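Worksheet for the structure shown next.
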Amino acid sequence: MESTRIKIVGLGSNDGIAMQIVADLGASGHDCAWFNAGDENFDHSKFDVRSSLSGAHWLLIEASSFGKSESAASATGAAMVFAELEGAKTVVIVDERENMDFDRAWGSIVERIRQIGFISMTSEGRSWIARLEGVDEKRVGDLLRSRGLVSIVAILDVHNGGVEIHHSLGVETGVSDSRSIQSLVSRMLLNLPSSSYSSEGIRRSAGM
């Protein structure tokens, strides 16, 4: 599968996973823009992401953005609205960070779940969601896919490379050559646009 040159807009903390992904893809020649919403002095009233999202494939955000300051949460929510208007798909990385309100973060995501096109997490992130939702861990992928109508739900076991991907045609399982959520998401962002979202295309996009 040949990857497409992609355009991606990222929003989050400068020390987060999303920033690392945007920096890596930008260094590889892709069209990338980054907005630091992790600064305590971040002013969402001066936040202008809509123009950057024009023609973008993806908006990449972190779950923790909703569990920090009200300003960061407001800016992230607004970016999701703009992404929908501009035709970009929103990607959420479920990151487990200290000093965040987990309940508030997940509650905000659930409120916006139908705006999310792709959500990724480690098996630890899945455990966190399972506790908040009061369900068995094995049900999390199907819950987000069927109830939330999220197009792609990718879960990575960083210890053995096992990947579980829920999508509209079913569930793909296997071992990926990616051993970090950063690597898996980067690979999928590059390859999903040219995958036709078929079962085989999704497997290859994840390196399975």
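Every number here is computed from the coordinates shown, using simple stated rules; none is lab data. Here the structure is a predicted model, which is why all the values come from computation and not from measurement. Cβ: placed from backbone, ideal geometry, glycine included. Neighbour counts: every protein chain shown.
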Distance in nm between pseudo-label sites at ARG104 and SER198 (7 Å out along the Cβ direction from Cα): 4.6
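Find the eigenvalues of the gyration tensor of the Cα atoms of the range 49-145, then list the square roots of 5 times those eigenvalues as equivalent ellipsoid semi-axes, largest first, in whole angstrom.
After scaling each eigenvalue by five and taking roots: 23, 16, 10 Å.
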Per the helix-only model, the chain has a calculated mean residue ellipticity at 222 nm (DSSP H runs of ≥4, -39500 (n - 2.57) each, divided over all residues, rounded to the nearest 500) of -10000 deg cm²/dmol
For Cα pairs less than 8 Å apart in space and 6+ apart in sequence, what is the mean separation divided by the residue count of the chain, i.e. the relative contact order in percent? 18
Would you report the distance distribution of C-alpha pairs in the chain as whole percents per 5 angstrom bin, up to the bin with the largest distance? 1, 8, 16, 22, 22, 17, 10, 3, 1, 0
